[in-house]
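Structure first, commentary second.
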2 protein chains.
Amino acid sequence: MLSYKTNMLGKYGRPDQIKTELEAMFGENVSFNKALREHHGNDVSWHKAQLPDAVILPKNNDDIIKLVKIAVKNRVPLIPFGAGTSLEAHIHAPYGGISVDLSKMNKIISFHQEDMAITVQAGVTRKQLDSFLKGTGLFFPIDPGADATIGGMAATRASGTNAVRYGTMSEAVLNLTAVMPNGEIVRTGRRAKKTSAGYDLTHLLIGSEGTLGIITEVTLKLHGVPEAIIGGYCPFPDIESACNAAMLTVQSGIPVARMELLDKLQVKASNQHDNLNLQETPTLFVEFHGSPSSTKEQADLFDEIIQDFGGGPFSYADKTEDRNALWAARHEALWAAKAFCPGKHMIITDVCVPISRLAEAIVQTQNDLEELSLVAPLVGHVGDGNFHLFLMVDETNEHEVSMAKKLLNRLIQRAHEMDGTCTGEHGIGKGKKAALISEHGQELVGIMKSIKKTLDPENIFNPENIF
Amino acid sequence: MLSYKTNMLGKYGRPDQIKTELEAMFGENVSFNKALREHHGNDVSWHKAQLPDAVILPKNNDDIIKLVKIAVKNRVPLIPFGAGTSLEAHIHAPYGGISVDLSKMNKIISFHQEDMAITVQAGVTRKQLDSFLKGTGLFFPIDPGADATIGGMAATRASGTNAVRYGTMSEAVLNLTAVMPNGEIVRTGRRAKKTSAGYDLTHLLIGSEGTLGIITEVTLKLHGVPEAIIGGYCPFPDIESACNAAMLTVQSGIPVARMELLDKLQVKASNQHDNLNLQETPTLFVEFHGSPSSTKEQADLFDEIIQDFGGGPFSYADKTEDRNALWAARHEALWAAKAFCPGKHMIITDVCVPISRLAEAIVQTQNDLEELSLVAPLVGHVGDGNFHLFLMVDETNEHEVSMAKKLLNRLIQRAHEMDGTCTGEHGIGKGKKAALISEHGQELVGIMKSIKKTLDPENIFNPENIF
């Protein structure tokens, strides 16, 4: 890591050198307060905090355009900040600079109910959007565990439990508006459902982790609230059978809306944390969307499949409250895992493999954990071949730390050997830069870098992420 | 248009200057034959032919790498060629150069049945892929009218009749392999269903129309052949009611697999061309995929909707042959339209609008046609808000040509006013460059251009397309 204030492009400036200008521009919406900066330079991940020098809360697009111009002129890093829930230190500020907190830009701009679409400011959170959509007959399916902002979710190509049926942010965004490093504001597309007009800059910005532009508005595709929902859970004798049942469900073409794996340890942790009473064995949480008859048909087919793998019984969560409790527990899995191992540091990571390799990948990972004497509750969006580890590490124990590193390396290497990816939905950030190169090769990463250098020649936008 | 052999970057070289080198490298797979060059510099569109100086048929990736290196060194334009079915002169060679015909690269590389994916060389055509998949229980849904190559379909972000349910090439490609202007071959991603590892270069290449890289291999997502299919057609009293029925079908959340509009004129043309016996009035062709009960449920709901709009009766095409005949007619619509107006030149164009504006867009376009005394059968992937015109023009009639231009301008302007796009699936090519700028603005197009310039500084890859 290069030292503070410098990178390959030369010295960075600092916001206090342009303090008067910033204060004149942003008034009470710029702060140099340490507690605030600590909140902005420290995510929930295992990465050490790296504070920005200042925090600015823009109120509108014009604020951001002004900010970008002054930052680029003075070579001050800009670090976009949504809800601070990213997991690979995306929001950390290794060279200081300004955290651009979009929480004041949280308006619904326009709701296009007839087109099943909505345009929101980047600071709108997913729960805020859920509340807005209540009663409209439409919903937005992407649900990362945290109450992230839509802008942050776009910037990190987030997904969640519904991705197996409804896709990720990659499929959910119709177009977005962003302020680019040259100070220009662009809208990447129209509201038509499909287009073949020019390069797909929408997808270039989705997953760019704040390094190419600051996303300020997003137009999202919505879906009709299903007429009927059947949800429930199902225990399995071992993790392999749970994975194989998940695989066959997908392969059978059952349009399962959610299919989440919790390993034995995670079930224990969730039982304790969320007052559940699940059998402590690998378990799938599932949900089917459709008409009353089609959901029943899906659930019946699923029931046949799980029996073939020794799973079951499938317990229906008929009441909405029961279903909500189940999914709340799934969304709280991270905190349940943390509470389960008090005093330990939690390394949160994910990989994604082709679904035919999922059982193997998970079984081998659990063998690794045992061999290396490590503890890590496991959850997975298994319909997508994506799983997460909450690796619990005593940071003061050098041996354990080195075993954890070994585990993480093996995990990524195995994903790559299976033609999978080093991250299904967390992003590269500052934590997986080496994995990016082993995944794509220097040639492809070189192309990514050349795009970065063209659009942000001074490397002002979220430096030290991805590359 | 700049003159032959020069563009903004200086002079282009010509393949005959490196003839000996090319012949040594490619032997019988390089040709300077005029008939072959005519076939390669002339698509089915209204654009005038512009011939390449040579045609090369590479046999493998290494051939293309070698070719790119020698072409860049000698500044010879390279024009990727699949099946030659593009509609905006993508394959035309305004500065001459080499047409890179991928038809010899037509192998299935690897079939991942358990993961519902397949990797093919770029020259595989969609019908070839269909044949390969027959009997496997899987199918590939993207079906542009022509028997295009998978590489060409990726390069132009093609779609077709199934896009309303299964998406376009933007959703269908898991990763692709391309030779870039720097002569490096890259694979843009892994086979995992989702990833958040770095910039999305897969989507940057999809729809880049050969201007950023030559696509050589594509990994596609496949879908399970539905257990049951119900298809049929349904007449409407007028085009507005047909559009509104289509809109309500989508808004009701019926997961219709195909929903195609043919206007009265197109029905007439198809009746003549394909020996159909349809009532000559605006008609929807539809298809529902699912289980026997869920397809029946969808068809029943659809039947209720069409009755609300005065449509019907809904005629089921129960037998596979009948259904195939229906969809064959839809895929042949262009040729039926051409045969309907012998001696006329056909301008094929498409736009796409938010579905809530579809009826308006189509009705106003038909009013324009009447006002300007023009003839144009109309078909539409109406579930996506996308429609096509086959505008019939007597090229020797100056007045008619100028009315046609007026019509095309109004069509695009209207799509833009409705927050739609100037092309839903045909691409920009050489025909819609001005529309690209009015759609996105100079700022966004400027960013696209800067990416092009970074990756292809000599503007060797398919010059004069998009920009």
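Read the figures in this text as sums done on the coordinates, not as results from a lab. Bear in mind the structure is a predicted one, so any value in this text is a computation, not a measurement. Positions of Cβ are generated from backbone atoms using ideal geometry, with glycine treated the same way; all protein chains shown enter the neighbour counts.
A few notes on this one:
- Nearest-20 debye value, the stretch B:108-224 charge dipole, Cβ charges on Lys, Arg, Asp, Glu: 240 debye
- Model label zone, B:E443; criterion: amide N under 15 Å from point 7 Å along Cα-to-beta-carbon; scope the stretch A:49-70: A:60-70
- √(5λ) per eigenvalue of the Cα gyration tensor, the protein assembly as shown, largest first, Å: 43, 35, 28
- Spin-label pair B:S315-A:I109: with each label point 7 Å from Cα along the Cα-Cβ axis, the two points sit 4.7 nm from one another.
- Each label was represented as a point 7 Å from its Cα along the Cα-to-Cβ direction; for A:K48 and B:T20 these points are 6.4 nm apart.
- Farthest toward the positive end of the dipole of the protein assembly as shown, out of A:A242, A:G210, B:G231, is the Cα of A:G210, where the dipole comes from beta carbon charges about the Cα centre.
- Loop-located trypsin sites (Lys or Arg not before Pro) in the stretch B:64-160 (DSSP state other than H, G, I, E, B) with a sparse environment of at most 15 neighbouring Cβ atoms within 10 Å: B:K107, B:K134.
- Label-to-label distance for A:K59 and B:D322 is 6.6 nm, based on points extended 7 Å past Cα in the beta-carbon direction.
- Using the Cβ-Cβ distance between B:S252 and B:K296 with R0 = 22 Å, the FRET efficiency computed as 1/(1 + (r/R0)^6) comes to roughly 0.90.
- Relative to the other identical copies, B:E360 shows label-point distances of 5.4 nm, where the label point lies 7 Å from Cα along the Cβ direction and values run shortest first.
- Centre separation in Å (Cα based) which lies between the stretch A:181-200 and the stretch B:306-361: 29 Å
- Over the stretch A:228-427, Cα pairs under 8 Å with separation of 6+ residues give a relative contact order of 27 percent.
- When only alpha carbons are used to place a centre, the stretch A:88-127 and the stretch B:254-302 end up 42 Å from one another.
- Likely footprinting exposure, A:D43, B:D101, A:D394, fewest C-beta neighbours within 10 Å first: A:D394, A:D43, B:D101
- This model, with +1 at the C-beta of Lys and Arg and -1 at the C-beta of Asp and Glu, gives the protein assembly as shown a dipole about its Cα centre of some 3040 debye.
- The charge dipole of chain B, taken about its Cα centre with unit charges on the Cβ of Lys, Arg, Asp and Glu (plus for the first two, minus for the last two), comes to roughly 1840 debye.
- Equivalent-ellipsoid semi-axes of chain B, from the Cα gyration tensor, Å, largest first: 37, 27, 20
- Per-residue Cβ neighbour rank within 10 angstrom, fewest leading, A:C234, A:C352: A:C234, A:C352
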